[in-house]
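Here the structure comes first, spelled out in structure tokens, and everything after it is commentary.
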Amino acid sequence: MIAYLGRIVHDNDAESKLDDDVSSISKSLDLQGSIENGDVSSLASKDFGGLYSVKPLFLIKPSGAEDISRVVKLASRTSNLTVAARGNGHSINGQAMAEGGLVIDMCSTEKNHFEFLPINGSHYIDVSGGALWEDVLTRCVSRYGYAPRSWTDYLSLTVGGTLSNAGVSGQAFRYGPQTSNVTELEVVTGKGEITVCSETLNSELFFGVLGGLGQFGIITRARIKLQQAPDMVRWIRVVYSEFEEFTRDAEFLVTQKEGESFDYVEGFVFCNNDDPFNGWPSVPLDPGHEFNPTHIPQTAGSVLYCLEVAFHYRNSDNPTVDTAFTKWIPYKTVDYEHQKRNSWGPIIDPVAVNGLLGRLRFVEGLKSQVDVSYTKFLLRVNRAEEQVKANGTWDGPHPWLNLFVSKSDVVNFDRTVFKTMLKDGVGGPMLIYPLLRSKWDDRTSVVLPEGEIFYIVALLRFVPNGPSVEKSVAQNREIVNWCIKV
């Protein structure tokens with residue numbers, strides 16, 4: 001079998017011959033799934049970044065871990081054959097491709113495992129590594145009223161894919177990234193062995209795989225922590241003209257105790273102009289609410305800052321959500337017998353929305369808010385995807401750049417990158433918000449900056465084909481080189 005595959009790799013037979021080879025290899029490997037010719041037009045030759053396109057030898061569509069094991073065992077015994085696990089193809093720089101090698105389509109396994117597990121008073125979901133987070137959300141909430149604690153902004157990603165990176169969104173300041181919310185993995189190692197691992201069982205593999213970018217094994221199953229899901233979300237955006245005030249308020253919110261802050265905290269930079277993609281129109285949450293630039297201080301510069309927060313509640317709690325309070329109730333001294341308490345979370349009164357907003361220093365008159373269902377809030381980027389697909393931008397190149405920046409460097413980063421290099425925007429969101437190092441497990445493969453508070457920066461470019469792509473890639477390189485130099 002290995003010699004036969006080696007002949008294909010070296011001889012580069014004609015396309016017509018490959019069709020026969022597909023059938024022969026499938027039978028030899030005894031796969032329950034299927035194999036397809038790695039045609040250049042297939043999904044295996046592309047990714048979301050759109051910057052590279054390479055042709056694999058074959059696209060494997062496994063039925064489960066056993067098929068993946070057989071493929072990896074074959075590759076491990078073949079000196080020049082590479083394997084890449086492809087989730088939903090949202091890599092940016094070709095990480096899920098294998099030129100002349102084997103690409104494993106993990107999405108073909110997405111529905112072969114889904115189990116709700118109550119264990120010692122806690123709740124978990126066991127899912128395939130190829131499952132999409134959006135499906136995990138809808139199935140968990142609709143069937144059981146529970147949901148994972150930590151998310152990514154965009155949910156059309158696979159469980160194994162985000163756990164192989166980190167998995168970060170606005171809940172990470174409280175619960176940590178998705179890699180901090182998984183208790184058990186099933187992994188196909190580089191030798192093709194199917195291994196179950198956890199913090200106490202095969203722990204070196206467990207922590208190596210989490211954030212390991214797929215280089216320590218392929219995640220085929222994950223056990224994820226759940227919490228009871230709320231019904232609704234109060235979703236709010238407020239605007240700042242000064243970076244220091246924006247970061248001070250964001251850091252204040254993410255360092256408060258549970259029950260004394262919002263449930264989600266993110267932020268982004270936008271241009272101080274009326275550009276529909278980069279400027280004021282990108283801020284309002286309600287289409288009926290217009291951004292009024294007359295409220296912007298005269299001292300404002302070329303860019304402004306938006307703090308995005310959200311508060312979870314049940315339908316029965318709606319009157320309490322808006323309750324203002326003048327005195328903070330110490331979390332440890334609350335009389336639980338006489339305070340309203342939700343089974344899914346902390347006491348409502350100490351986190352009244354108006355009371356929290358009253359502590360912040362945003363520009364008066366530049367606030368936008370809506371109330372949406374919990375699932376609608378978490379699927380917010382998926383709805384934006386539909387709009388971008390309609391205008392044809394979604395399928396174009398995406399020269400994105402994602403960075404972690406330490407708190408000690410973030411003011412300098414803002415001054416040099418946002419206010420100078422990117423003062424005209426990037427044709428898409430420029431995210432920036434604080435995270436807490438103590439919420440991350442330093443045993444995983446993820447590398448973090450020094451200090452308790454650090455920032456994630458995400459430049460999510462949407463650019464047309466042509467010179468603008470090369471210009472964006474060059475600008476990304478310039479930013480990274482400046483970071484290294486500084």
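Brief remarks on what is shown
- The set of residues in the stretch 217-246 that are over 22 Å from the mean Cα position of the chain (by Cα) and of a type in the set (D, E, K, R) comprises Asp231, Glu242, Glu244, Glu245.
- Of the listed requirements (1) surrounded by fewer than 19 Cβ atoms within 10 Å (Cβ to Cβ); (2) closer than 28 Å to Val159 by Cα; (3) in contact (Cβ under 8 Å) with a residue 60 or more places away in the chain, Pro297 misses just one: (2).
- Entirely in the stretch 102-179, the helices (runs of 4 or more DSSP H) that have 1 or more residues that are touching a residue at least 60 places away in the same chain (Cβ under 8 Å) and within 25 Å of Asp442 (Cβ to Cβ): 159-163, 172-175
- Screening Thr138, Thr78, Thr152 for residues that are modelled with pLDDT under 95 and either in the same structural domain as Val388 (by the TED database) or polar (S, T, N, Q) (or both) leaves exactly one candidate, Thr78.
- Residues (at positive phi and free of Cβ contacts under 8 Å to residues at least 60 places away in the same chain) located in the stretch 180-210: Asn202
- Looking across the stretch 214-273, the residues that are at pLDDT 95 or above and basic (Lys, Arg) come down to Arg221, Arg223, Lys225, Arg234, Arg237, Arg248.
- Scanning the stretch 399-427 for residues that are of a type outside the set (D, E, K, R), in a loop (DSSP other than H, G, I, E, B) and either without any contact (Cβ under 8 Å) to a residue 60 or more places away in the chain or on the phi < 0 side of the Ramachandran plot (or both) gives Pro399, Trp400, Leu422, Val426.
- The residue that is modelled with the highest pLDDT, counting only those in the stretch 380-398 that are open to solvent by 40 Å² or more (accessible area, probe 1.4 Å) and not in a helix (DSSP H, G or I), is Asp395.
- For the stretch 95-116, the count of residues that are closer than 22 Å to Leu185 by Cα, out of contact with any Ser or Thr (no Cβ under 9 Å at 6 or more places or on another chain), small (Gly, Ala, Ser) and not assigned by the TED database to the domain that holds Asp153 is nonzero.
- Set Val370, Val405, Val381: member being in contact with a strand residue (DSSP E or B) (Cβ under 6 Å, 6 or more places away or on another chain), closer than 21 Å to Pro177 by Cβ and β-branched (Val, Ile, Thr): Val405
- Any hit, the stretch 434-444, residues being part of a loop (DSSP other than H, G, I, E, B), within 27 Å of Arg237 (Cβ to Cβ) and modelled with pLDDT of 95 or more: yes
The values are calculated or read from the model by the stated rules, or taken from the named source; none is laboratory data. Model, not experiment: these values are computed from the prediction. Quick reminder, even Gly has a Cβ in these numbers, built from the backbone with ideal geometry, and neighbours come from all protein chains shown. Remember, those area values only see protein heavy atoms, side chains included, never the ligands or the DNA or RNA. Shrake-Rupley method; radii C 1.70, N 1.55, O 1.52, S 1.80 Å.
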